[in-house]
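K.L.:
First the structure, which I've put down as structure tokens, then a few questions once you've had a look.
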There are 2 protein chains.
Amino acid sequence: MARKKVTSHDVAKLAGVSRTTVSLVLNDVPHTRITEGTRQRVLDAAKRLRYRPDAAARSLATKQTRTIALVLYQSADRIVGDAFLTSVVRGLCEVAQQRGFRLLLHPFEDVGKSEAYISLVLENSIDGLIVSGPRSDDEQLPKLREDGFPVVLLGQLNGAGIHFVDVDNAAAAFRAVSRLVQLGHRRIGLITNAPLEYTASAARWRGYQEALEEAGLPYDESIVRYGNFRAQSGYQAMEELLALTEPPTATFIASDEVATGALAALHERGISVPDGMAIVGFDDIPLARYLTPPLTTIRLPAYDLGLQAADMLIDIIQGEEIAETGVLLDTELIIRESCGECEPLGKEVENH
Amino acid sequence: MARKKVTSHDVAKLAGVSRTTVSLVLNDVPHTRITEGTRQRVLDAAKRLRYRPDAAARSLATKQTRTIALVLYQSADRIVGDAFLTSVVRGLCEVAQQRGFRLLLHPFEDVGKSEAYISLVLENSIDGLIVSGPRSDDEQLPKLREDGFPVVLLGQLNGAGIHFVDVDNAAAAFRAVSRLVQLGHRRIGLITNAPLEYTASAARWRGYQEALEEAGLPYDESIVRYGNFRAQSGYQAMEELLALTEPPTATFIASDEVATGALAALHERGISVPDGMAIVGFDDIPLARYLTPPLTTIRLPAYDLGLQAADMLIDIIQGEEIAETGVLLDTELIIRESCGECEPLGKEVENH
DNA sequence: GCGTGTTACTAACACGCGTTACTAAAACTC
DNA sequence: GAGTTTTAGTAACGCGTGTTAGTAACACGC
């Protein structure tokens, strides 16, 4: 580095005041009367020297890092597969930057290595934590909660009493399946987005059951399959359903990515969608509209999810009282051709 | 927080030594002989108290943060659209964690606001910087280079002499287009992934031209269109090409996402792929294999890209000499049905 | 017994900031 | 004009580390 580090001492010297005054002026400390003249002198000097307070020194003195971490508590597969996650991250960043916070990214794959993100807390590297895809077998999380460390979940964990932001997965699935019921289907299959250990996956499964129940349809285990985030799993699951002696006439697939694989299997067998098999997906990934046929699906407020999570976390950090411990965001059923009774492609407004 | 912060002072007291000794032992300082007995006493005490050195204090003393930042120098659209980016990030995280570094995420949309990431440097929040999608009109980057601040580009910037890791976009595009030539096409269109201001986009465009030249085919501006990362732009571009009196018989589309939009336009007009129009994409997004028809495309070593970038950056930070200022990683042409002469879908091995 | 190393540690300072307690000067009160 | 309050600013400490300079204690050679 050619340029030496500029310290508040340099600013003080240039402005002809003490270092204390510099700090008071630059931090806008209330209940401190300082002449407009010296105030300006300090500001000018700071600007001229391009002074920026050293982050480490400031953290050490204030006990605040102005940094939050996003912990991705999930497998590598999921990180790749989830296009939706990038939108969430965008939302997080937006809020974080706006409120003057940094965002640290900490994915980890090994479930046993939850120690890893704890070190962020123990070393005082962060002020708060957002945990995406929490597992119920994580023992560190409740401890953090006890210690009063600010944590917000993206997703839910039953009974832990930790703040969270989530989507109403069950309600969304309910709506998707009900749509198929309305269209006259009586035998509706299910391919989940992931194993049921993932709470979101279980919730969508529950919504599927509830919709069947409300319609007076039986829950039939034989037309239920379990995906694992990836298209490949949808391809295989659909092949299995098609091999049944009595395949469903419609399938709710709780992930667009997985649904894409299923569509490929259907095309291969020459089965038309929606006539031979109606499909409703989940997530509304950007490509959903451009698949063949365009996919009816549930649109998630991914960006808002990130926005609210970051907002809530920073509120907690700054000691503001939070009204509700959790927030459930609404979803939207986007109707396209894959379930029948669609609107033509051209009409849909482009936005995301 | 229920638990009070544990400091090295506490450890020293419990072990019955001075704070200095604690520091020497825990940091494994060489040329310092310390009795095995006291060494163990210190280690035990540290473990028993769950001592972790405070990150801020350590940074202040050592002038090192053990943190690197990923700056995403690109529009919001791109962040959403680029599934490929999540793989890169995975690679980055992998290396960073392994070598004991943190990863800070800093996307920004406004090109004018390059000041934003500079503050990370001025505040000494990071030891190094990875810049994805650099723009030639960024004036801050050369300054950093002059100051000797560690920077690695994901992508290239001509003449700046900054370390970089990239893919050989031109060569990849060349290979893709040559394939179409081999298949007998004489009129091959181009839809770019993005405007030509993006260096990667320009390189792919150049590869397209070179392949035509080598084949003795003319470059015809009228069958070239410019995408903008999104599927929508591909949809529209393909519509325009199809409206020509003499449309191409094949099109190289420099982004799978954009290609997906183009495929939708083709389906709508009932044009079969590859018979009515052959398509080669770029990126090999996870869904490429499951589109209709499965997409012939260029596979990028996204994960490796992130891996190498992080590795190179940390090498630089730690003062190791770097042999080459830049690394170009190889790509792979993945042949599927969308260009003709495919292998059947089932055979392809699943991996990513 | 005196100088010279060597061993095994420690006292004290620096890093750059925020902040509390204090002061000298000016302004008011009566 | 002596006492009291207000104003405008500063000296000095603490945050928790890493690190340099230094020091007792002891062994050794002659």
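The values are calculated or read from the model by the stated rules, or taken from the named source; none is laboratory data. None of the values given here were measured: they were computed from a predicted structure. So basically every Cβ, Gly included, is an ideal-geometry build from the backbone, and we count neighbours across all protein chains shown. When the accessible area is computed, the model is the full protein with side chains, heavy atoms only, and any ligands, DNA or RNA have been set aside. Shrake-Rupley method; radii C 1.70, N 1.55, O 1.52, S 1.80 Å.
K.L.:
Helix B:302-317 sits at what angle to the longest principal axis of chain B, using alpha carbons and giving 0 to 90 degrees rounded to 10?
P.N.:
It is inclined by approximately 40 degrees.
K.L.:
Amide H neighbours of B:ILE191 under 5 Å, at least 5 residues apart or on other chains, H built in the peptide plane: list them.
P.N.:
Residues meeting the criterion, in which the H sits 1.01 Å from N, are B:ARG225, B:PHE252, B:ILE253, B:ALA254.
K.L.:
Using the Cα centre as the reference, give the magnitude of the dipole from point charges on the C-beta atoms of the protein assembly as shown (Lys, Arg: +1; Asp, Glu: -1; all else neutral), rounded to the nearest 20 debye.
P.N.:
That gives the protein assembly as shown a dipole magnitude of about 3580 debye.
K.L.:
What does the helix-only formula give at 222 nm for chain B: each DSSP H stretch with n ≥ 4 adding -39500 (n - 2.57), the total divided by the residues, and the result rounded to the nearest 500 deg cm²/dmol?
P.N.:
After summing the helix terms and dividing by residue count, I get -13000 deg cm²/dmol.
K.L.:
Can you compute 3J(HN,Hα) from phi for each residue in the range A:19-27, using the Karplus curve 6.51 cos²θ - 1.76 cosθ + 1.60 with θ = phi - 60°, rounded to whole Hz and x for Gly and Pro?
P.N.:
Along the range A:19-27, the couplings run 4, 4, 4, 4, 4, 4, 5, 5, 9 Hz.
K.L.:
Further, regarding this structure: In degrees from 0 to 90, rounded to the nearest 10, what is the angle of the helix A:169-182 Cα long axis to the longest principal axis of chain A?
P.N.:
Taking Cα atoms only, the helix is inclined about 30 degrees.
K.L.:
Which distances, in nm and shortest first, link the A:GLY100 label point to the same label point in every other copy, taking 7 Å along Cα→Cβ?
P.N.:
When each copy's label point is compared with this one, the spacings are 3.2 nm.
K.L.:
Okay, next question. Copy-to-copy spacing for A:ALA202, label 7 Å out on the Cα-to-C-beta vector, in nm, shortest first?
P.N.:
For A:ALA202, the other copies' label points sit at 5.4 nm, shortest first.
K.L.:
Using only protein heavy atoms and a 1.4 Å probe, how much accessible area in total is buried between A and B, to the nearest 100 Å²?
P.N.:
5600
K.L.:
Calculate the mean, over all residues of peptide B:293-300, of how many other protein chain Cβ atoms lie within 10 angstrom of the residue's Cβ.
P.N.:
1
K.L.:
Could you work out the relative contact order of chain A, using alpha carbon pairs under 8 angstrom and six or more residues apart, expressed as a whole percent?
P.N.:
The normalised contact order for chain A reaches 16 percent.
K.L.:
Rounded, prolate or oblate for the range B:174-282? Axes are the square roots of the Cα gyration tensor eigenvalues, ordered a ≥ b ≥ c, and the cut-off for rounded is a/c under 1.5.
P.N.:
Cα axes put the range B:174-282 in the oblate bin.
K.L.:
Given a 1.4 angstrom probe, what's the average accessible area per residue across the range A:131-188, in square angstrom?
P.N.:
Heavy-atom SASA per residue in the range A:131-188 reads 42 Å².
K.L.:
If you count, for each residue, the other Cβ atoms within 10 Å and average over each peptide, how do A:43-50, B:236-243 line up from highest to lowest?
P.N.:
B:236-243, A:43-50
K.L.:
Continuing with this model, one more query. Rounded to whole Å, give me the distance from the Cα center of the range B:127-201 to that of the range A:137-202.
P.N.:
What the calculation gives is 40 Å, centre to centre.
K.L.:
I would also like to ask the following. Calculate the dipole size of the range B:8-53 relative to its Cα centre from +1 charges on Lys and Arg beta carbons and -1 charges on Asp and Glu beta carbons; express the result in debye to the nearest 20.
P.N.:
140
K.L.:
For every other residue with a beta carbon closer than 11 angstrom to the beta carbon of A:PRO248, add +1 if it is Lys or Arg and -1 if Asp or Glu, then tell me the sum.
P.N.:
Once all neighbours under 11 Å are counted, the net charge is +1.
K.L.:
Helix B:256-268 versus the longest principal axis of chain B: what angle, 0 to 90°, nearest 10, using Cα atoms?
P.N.:
Between helix and principal axis, roughly 30 degrees.
K.L.:
Something else: If the limit is 23 Å between Cα atoms, which of A:LYS143/B:LYS13; B:LYS5/B:LYS47; A:LYS4/B:LYS63 go over it?
P.N.:
Pairs exceeding 23 Å: A:LYS143/B:LYS13.
K.L.:
Tell me the carbon and sulfur percent of the accessible area for the protein assembly as shown, rounded to whole percent, probe radius 1.4 Å.
P.N.:
So the carbon and sulfur contribution to the accessible surface is 49 percent.
K.L.:
Can you pull the mean other chain C-beta count within 10 Å for peptide B:120-126?
P.N.:
What the average comes to for B:120-126 is 6.
K.L.:
Taking amide H atoms as placed 1.01 Å from N in the peptide plane, list the residues 5 or more away in sequence, or in a different chain, whose amide H sits under 5 Å from that of A:THR296.
P.N.:
A:GLY281, A:ARG336, A:GLU337, A:SER338, A:CYS339
K.L.:
Tell me, what is the percent relative contact order of the range A:8-53, built from C-alpha pairs under 8 Å that lie six or more residues apart?
P.N.:
46
K.L.:
Taking only protein heavy atoms and a 1.4 Å probe, what accessible area per residue, in Å², does the range A:205-337 have with all protein chains in place?
P.N.:
38
K.L.:
A follow-up question, please. Below 10 angstrom from the Cβ of B:THR21, what's the summed charge of the other residues (Lys, Arg +1; Asp, Glu -1)?
P.N.:
Neighbourhood net charge equals +3.
K.L.:
Follow-up. Any idea how far apart B:ALA116 and B:GLU320 come out in nm if each label point goes 7 Å out from Cα toward Cβ?
P.N.:
Result for the modelled spin labels: 3.3 nm.
K.L.:
Per residue of B:231-237, how many C-beta atoms from partner chains lie within 10 Å of its own C-beta, taken as a mean?
P.N.:
Going residue by residue through B:231-237 and averaging, the value is 3.
K.L.:
Against the empirical 2.2 N^0.38 Å scaling, what ratio does the C-alpha Rg of chain A come to?
P.N.:
Taking N as the residue count of chain A, the ratio is 1.27.
K.L.:
Please name which of A:GLY37, A:PRO53, A:VAL22 has its Cα lying farthest along the dipole of the range A:8-53 towards the positive end, using unit charges on Cβ (Lys, Arg +1; Asp, Glu -1) and the Cα centre as origin.
P.N.:
Of A:GLY37, A:PRO53, A:VAL22, it is A:PRO53.
K.L.:
Summing +1 for each Lys or Arg and -1 for each Asp or Glu, what net charge is found among the other residues whose Cβ lies under 15 Å from the Cβ of B:ALA56?
P.N.:
Computed value for this residue: +4.
K.L.:
Using the basic label-point model (7 angstrom from Cα toward the beta carbon), what is the B:HIS9 to A:ARG48 distance in nanometres?
P.N.:
About 4.0 nm, to one decimal.
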